[in-house]
Every structure is written in C-alpha cells, then in structure tokens.
Amino acid sequence: TMMASLVVPRRWYRYLDTLNARYLGSLRAKYLNSVSIRYLDTLSSRYTASPGTLQRHFVTLVPSTSHMVADAHIKLRQQQEAVNQVMCCTPSGPLIYSRRTTSFFNKLTAEQLWKGVTSVSNAGRKQGRGKGVGKKIAKDLNRGQIIGVGQENMVWPGLNAPVIRGRELVQQKKLPKDEEREARLIKIRNTMGSFRALRLDPLDRGWCGNKMPGRSIGPPNPIEDDKFEGFDTRVLELKIVTCMTAVFGRKRRFSMFVVTGNGNGLGGFALAKATTISDVTRKVKNRAGQKLLYIERYNEHTVLHDFFTYFGRTKIFVKKMPEGYGLVCHRAIRTICQTLGIKDIHAKIEGPTNVQNITKAFFLGLIRQKTHQKLADEKQLHLVEFRKENLNFPKVVATPQSGKVRTQEEIPNNEELDFTQHIMDGKVQLVKKKYPAPYEKLPSYEIYLKKYARRRNHQKVMLNMLVEEGEYRSFYTDQYPECRPGYSSKSEEAEAW
Amino acid sequence: ITHNKDGGYCDTPDRDPAPVFFSENVQTILKKITGTDFNKVFRQRFDEKKLSPPEYKFMTDEELKQKMKNAERLSSKILQMPPVLKERQAISNILSRDPAITGFENCKFVFTDITYGLPDRKRLVVVRDPDGTLRQASWEEAERMNQIYNPRPGRKLKPPKLFQEEHLTNVLERGEYEFVLDSACAQFEPDDPEYLRITSVVYESVDKKRCYQLLHSTRHYGPLCFYLTWNKKIENLLISLLQQEKLEACADIVRLYQLIHTDCKSKMINVDPNQHLELLKAYVEHDSLQQQQLQLAIQAYQEIVRERQQYNENVKTAHGL
C-alpha cells in the first residue's frame, strides 16, 4: 500500500517537529485538516518556479501510522491528486509532489552522522557535559556484517567464495534471499547499548571505584623474544594535566603513573603523558617494562628486614612481618607489593602521601636492603635468627664468607650490635603509648565485666558439649522433652498426630 | 590389633618395668637411640598462636655456643621420656565404717583436701558412701576431683572419644602416632591401665607398619623401644634399622635387650662392644625368635656394603688412583 506523503512548507515542518511525538499524529491531522488544505490550494497560483524552488521551500512529511493522520492524509492526497491533474495540464507548473532521492543521509559519512546525533556542543563540553555516565556512544553498524555479503545474497568469486573450486571456475550466482539477515543485524544493534556502560566487574575494580587507579592494564607489549610473561601493570595515578599553548589554547593531556611487576621480585614504575587514554596506557606500560629492578625478598613473602626510607617529604617505616599478616599499608604500597610478590608487610607513612613520592621512597628502600650474607660480612659476626614458634632455637642464617668471626675483645665498645638499630641506621620509630579506652575507668564497666563473666565461656562450653554429648543438653533434658533447643509444642502435636 | 589385657608388660606378669627403665644404663641407651634432630624437636607446632616476625642478632662464636647449649638443655627437657610403670592396683582403704548413718542421703559425698601446693598424688580424697562407709577415693574419683579443683592444661574431665577402640584404630591408620601418644600423656597418669592399653595399641601399630622413623627424635621413641624389647618384638625394628644401615642403633637395641632380659644366652658371649655387627649376629644366633628373617636382612646389608665398596674401587681405578 502506498503511503500518502505530505508536502508542507519548511517553516511549518520545524514547528510540527517541536510538537510532542505522541500527539503529533492527531495534532498534525487537525492542523493539516484545517489549514494546509486551504494553503495548498493557493500554492498552485503562487509558485511557478522550478522543482528546485519547491525543494528549498517544501519538505516531504512521511506520516505516522496513526489512523487519524492516515485519514487526513488520504483526504489531502485526493485533493492533491486533483490539484496535480490540474497542474499536469499546464505547461510550466511546479511539481508539488516530489520525494527526495538524496539528502544529508547519504551525503555525509557515518562518523559525521553519528557525531550529529551523539555530540555535545563546544560550549557544553567546556561546562563538562557529555562526560562519564550519560554520554551517548555511536553504534558500530559494521558489527554482524561481512564484506561481500549484503542485502543481495550473491556469490562473488574472489570476494566471498574461492575463484576456483576443484577444477571448475566459480561463477557469479544469485542465491535466494536470506530472510533472517535483517532481523539478525537489528538484534545485534539492539543489544549494543547506546550509553557507555560504566559498570565494572568487582574483580576488575581498583581502589578508585569505576576509575583507573588500582586497575590492571595488562603486561607491557612484547619486544621480539621478550614476552613479559607473568607481568602485570597497575595504574597508581591517572590525572588530566593542562598547559596553555599559543596555538591551541588549553592543551589537555593524560598523565599516568604505573607500576609493573612479575610477582617474583622483578618490577618497575614509570610516568607517561599522552592525549588519549589508549596512547598513554601503551606508552607508560612499555616504559615501565624498560625500567625493571630486581628486589630481594625473604622466603618470597616479605622484605629482608625492617627499614626506613624517604623521598621528598614522604617518609616510610617498613616492617618485616610473618606469613599470614597481609599488606597492612597505604593502598599504593599495597598495589606495588602485589605486583612485586610481597605478601606480608607493615608500612607506616609519615608526612605527605604523594603517590609518586611514596613509590619512589618504597623502591629506594627495597633496593637498598641488605641481604643476610652482606650483613654478616659487614659485621664479621654470625647472623642468627630466633623464632618464637621454633622456641627461639638459634638458627644461623649467615656466617662471614671470609670465615673469620670477630671475638668479644675485637669488638669496640661503641659499636652498634643491636640488629634493628644497625638496620635503621640509628633511627627509632616513635611508638605511641596505648591508652585504655575511656569507658574502662567508669564504674559501669566493672558491672558489665561481672555480668559478662557469666557467659564469657559459653561458646567453648557449648562446643565441648556438642563434641562430648552430641547435642545441647542439661540434666533436665532426659526427663522433660521440651528442654531441648528447637523444640516447639507444634512439632509435639504433629508427632502425636 | 590385639593388646595385652593386663597392660602391655604382661609377658612376665608380676615383673615391674620401672626399676629397669629408670636404671642408668637403660636410660643412656634410650636417650642415645632417640636422637636429637633439632629440626624436628624445635619444629613449629600448630597451636593456633599468632605468628610474630623473627628476631635477628649478631653473635660471636662464644655467644653462639652458649645459645646452642641452652637449646640442647631445652631439647633434653622436650625429649624427657614419659615413665614406664606397672599398672596401678585399685585402692581399697576404708577409714571407718558407720552403719548407723545408712541412708542419710541417696548420693555419695566426696571430700577433697584443696591445700595449695600439694601434688595430685599426695592429695587426700575421701568418699562417704550412702551406706555409711568412709573410704579413700578410688583412682578415678581422685583424678576427677583433682581435675576439677586444679585443672591441668590438655586434660579433660571425661576422656576424649579418641581413646575408644574404633576411633583409635581409625586415627592410627592415618599414622598420627605422635598425636595420640601426646594426648594420652596429657590425659592419663603413667600407671593408669587406660594409658597402658592405649600405648600398647599404638606401639603394636607402629611395629606392624614399621613406621619407627615417625617417632624418632620424639620423647616416645625410648618407651617404644623399651616396650618392644620387653615383649621380645625387636625383630622388625632391627630389620628396619639395618635397612637404614644404622648398625650402632642395632647394637644398642641388642644391649638393651641384654639389660632387660638378663637371662639371655647372647650375653654369655664376650663380644667386642665396638663390633656392632658381631653383637647383632650373636643375638640372632642365640636369642632371636625369627632367625631367618634377620639373617636374610644381615646378608642383604653385607651384600650392599660389599657392592658399594666394589663400586668405589672401580671408580678409583677408572680415575687412575
């Protein structure tokens, strides 16, 4: 069935477009019914120009499926046809009823079209519109399509079929139309979201919500034989930095600071700047991969010993911790330790917590660590380890390589023999005194303790009871069945039934 | 697994193992064969205690020696052997009979002397029965009272289900000998018939599976060897020691046998104490109950030694030495 189309002056089109789409049909119908028919009547007398003029001044409206509009248009069409018939007779009458064969639709590139639909004006951008959630993204219409396959289902040898199959030349052939192709493409396009999805999997999140810091950006790009196996880079900082230039004005760039590591002692950090996220990611992880350091670990889970380090005004006190302690430190240090393969550490930062300075200070401290052998050689004494869980058995961890161990007489009086002091270079970390909680002095606390003492051991008792008796019971349980946990009179009645 | 009903030492029913066990010669032998592997003695026990970071010290040779001496003293304390005693006899000491107060109450009354500082064994615990007799409490009653008033760590009022037969066999099948023996030491007194039953079950199981190494360097190795030697079941132990080529240990076991069973025939033969294999052979000839197996084992050992010597000589000649 042919759809009746309406020719309407351009000014009117703009007005009609502003009307609410829901009411558009009915309003258009009403409006057109009353006004345009009369107006169109006058058209024939007014305009004698070529079809070009008509194109400029008139727009073709393809109506909606509203029945009211359809009715109106059919009436209008009948009248138009009447007018047309009249027009055809005259030698130089304008063509009122014309459809467009080309428009902006097929004169602009896909990028320009999408930009028109999704973009925000320059002024709007300056005010921060079109960023983050709510920013419309272009749908890639090429998805689901293969080169050589289109609306016409044809076999093109060389394009979507081989030129020679066996011994025969393949011919151009038209296959029956693929009915479902359109439906499939539409389905794919419907699944593509029109807004940028900012919902990250919780496991992919860093320590900054949906933003980059803390997130992984993959291993550095391989270089010939070096595949960077086992490497993972984590973003520590992502900033937008600007500078004023003479040519462009405000020049905006991304600055990314990352740390990379293979979880086995190798690692490095780097900073890079670029105009796009993808560029800066690539630049920075490759740069970090170029600046690798090897750091010594103790039993592959912690640092060799406590140390103090600083860079700028950022000071860090790092403590060696036993297995299972975890990474109790600033989130930046935690990320660095995870990439390097340190699993247990305690680090206290004093002063500013500038991420770059923290990283630099921490790395400095790590590479300045002294191995046990080096310490023993330095001091010309045995280095002995005492562990509480091994009942403080003296385990000799390193002896001087030269074999010569100093005696008590050979050691001068003022020499620092204490291990911690020697390592920290005489620095002592301030340990703040732990005061009792303010409620502990109140008399009500004594009362609470007395009341709590009654039930303080109940958990252990109940656990033992389950082990020995198999259930929670007392000396009443045998005589009175209701003295059992989970007993209810309803269950009794049910049993009686 | 069968256990002796009268407690493990019923081979010679009325003979008390305690004087033999505590004699100097026996003690030195047992301590020697137990061994002191510091890695095992001072290993980390999983007792749910929070780990702390290790401490480091710079030490001279003398300081290190001093610390090692301390460690050795501590290890000898850890390796102190639980005593081997005869099964205790039931107490039947009636202090007074008062039939006049029969039926005064329908339950017994237990009186415990809770003086501070008394050892458990010396503490007086008496019971007044409903029929009026005042008697000294039985071993079980006394132990229960002691545990209530002065609880010992690791000891429970009611013995854990671990020590019941089915559960015990289950645990022993998994090879948890040291755990069972440690639990038994914590729960029972050394002359408790229950303790003797459990230990004999464990020792039999160890002997059957030949897992002596699991108990080596622990405090239970000495009593284990003593039990096997007392009951003349040292064949498997000797064979496994031979296979590990520990001749001195074999000789020590034979000497232990001679000390325990003073009427054995091999004692008469004067063998040079340094010739361990000769001592072992003397035992095999005269006193062993499974001569063939032991002789086979000795032969196998000698062959291995011979072949090794031959191989070393071949290597030397090949290198032109």
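FYI, it's all coordinate maths here, none of it is from the lab. Keep in mind it's a predicted model, so treat the numbers as computed, not measured. Cβ coordinates were reconstructed from backbone atoms using ideal geometry, including for glycine residues, and neighbour counts include every protein chain displayed.
So if I take the centroid of the Cα atoms in segment B:213-244 and the same for segment A:420-497, what is the distance between those two points in Å? So the separation of the two Cα centres works out to 46 Å. Between A:Lys404 and A:Gln373, the simple label model (points 7 Å from Cα in the Cβ direction) yields a spacing of 2.0 nm. With respect to chain B, whose longest principal axis is taken over its alpha-carbon atoms, helix B:276-286 is tilted by about 70°.
The length gained on full extension between A:Glu111 and A:Asn160, counted as 0.36 nm times the residue separation minus their Cα-Cα distance, comes to 15.0 nm. When only the Cβ of Lys, Arg, Asp and Glu is charged (+1, +1, -1, -1), the dipole of segment B:73-132 relative to its Cα centre reaches about 540 debye. The Cβ shell under 13 Å around B:Pro54 holds other residues with a net charge of 0, Lys and Arg each +1, Asp and Glu each -1. Note on B:Glu178 and A:Asn142: their simple-model spin labels are 6.8 nm apart, each label 7 Å out from Cα toward Cβ. So for segment A:144-267, taking the charge dipole from beta-carbon charges (+1 Lys/Arg, -1 Asp/Glu), which of A:Phe228, A:Pro157, A:Thr242 sits furthest toward the positive end? It is A:Thr242.
Quick check: net charge around A:Gly206, other residues with Cβ under 10 Å of its Cβ, Lys/Arg +1 and Asp/Glu -1?
Working: positive: A:Arg205, A:Lys211, A:Arg215, A:Arg234, A:Arg331; negative: A:Asp204.
Cβ neighbours under 10 Å give a net charge of +4.
Charge dipole of segment B:174-281 (Cα centre as origin; +1 on each Lys and Arg Cβ, -1 on each Asp and Glu Cβ, all else neutral): 400 debye, rounded to the nearest 20. What the Cβ-Cβ distance of B:Tyr149 and B:Lys208 gives, at R0 = 41 Å and to the nearest 0.05, is a FRET efficiency of 0.50.
Longest exposed-loop-site-free stretch of chain B, with GluC sites (Glu not before Pro), DSSP loop and at most 10 other Cβ within 10 Å?
Details: sites that count: B:Glu48, B:Glu105.
Looking at chain B, B:106-321 is the longest stretch - no exposed GluC sites (Glu not before Pro) with at most 10 other Cβ atoms within 10 Å.
Positive end of the dipole of segment B:169-321 (Cβ unit charges, origin at the Cα centre): among B:Tyr177, B:Gln299, B:Leu321, the Cα lying farthest that way belongs to B:Leu321.
Can you tell me the FRET efficiency between B:Glu194 and B:Asp37 if r is taken as the Cβ-Cβ distance and R0 is 35 Å, rounded to the nearest 0.05? Don't skip to the end; give the middle numbers.
Values: r = 31 Å, r/R0 = 0.88.
So the FRET efficiency works out to roughly 0.70.
Which value in deg cm²/dmol, rounded to the nearest 500, describes the helix-derived mean residue ellipticity at 222 nm for chain B, given -39,500 (n - 2.57) per DSSP H run of n ≥ 4 and division by the residue count? Intermediate values should be presented prior to the final figure.
Values: 13 runs with 159 residues, N = 321.
The per-residue figure over chain B is -15500 deg cm²/dmol.
Here the calculated FRET efficiency for B:Asp129 and A:Tyr487, from their Cβ-Cβ distance with R0 = 30 Å, stands at 0.20, rounded to the nearest 0.05.
Length gained on full extension, A:Gln429 to A:Ile447: 2.6 nm, using 0.36 nm per residue less the C-alpha separation. Can you give the angle from 0 to 90° between the axis of helix B:193-209 and the longest principal axis of chain B, with both taken from C-alpha atoms, to the nearest 10? That works out to roughly 20 degrees. So which trypsin sites (Lys or Arg not before Pro) in segment A:141-240 are both in a DSSP loop and have at most 13 other Cβ atoms within 10 Å of their Cβ? Passing both the DSSP loop test and the Cβ count: A:Arg143, A:Arg167, A:Lys177, A:Arg196, A:Arg199, A:Arg205, A:Lys227. The separation of segment A:307-382 from segment B:118-189, counted between C-alpha centres, amounts to 52 Å. Inverting the pair-averaged 1/r between distinct Cα atoms of segment A:281-379 gives 14.1 Å as its Kirkwood hydrodynamic radius.
Applying both filters, DSSP loop and at most 14 other Cβ atoms within 10 Å, to the GluC sites (Glu not before Pro) of segment A:388-495 gives A:Glu409, A:Glu410, A:Glu415, A:Glu416, A:Glu469, A:Glu471, A:Glu482.
Multiplying the residue separation of A:Val120 and A:Glu152 by 0.36 nm and removing their Cα-Cα distance gives an extension gain of 7.8 nm. Taking chymotrypsin sites (Phe, Trp or Tyr not before Pro) across segment A:221-275, the ones in a DSSP loop with at most 14 further Cβ atoms lying within 10 angstrom of their Cβ are A:Phe248. Relative to the longest principal axis of the Cα atoms of chain B, helix B:139-149 runs at roughly 80 degrees.
Once both labels are positioned 7 Å from their Cα atoms along Cα-to-Cβ, the gap between B:Lys49 and A:Tyr294 label points is 3.8 nm.
The charge dipole of chain B, taken about the Cα centre with unit charges on the Cβ atoms of Lys, Arg (+1) and Asp, Glu (-1), comes to about 700 debye, rounded to the nearest 20.
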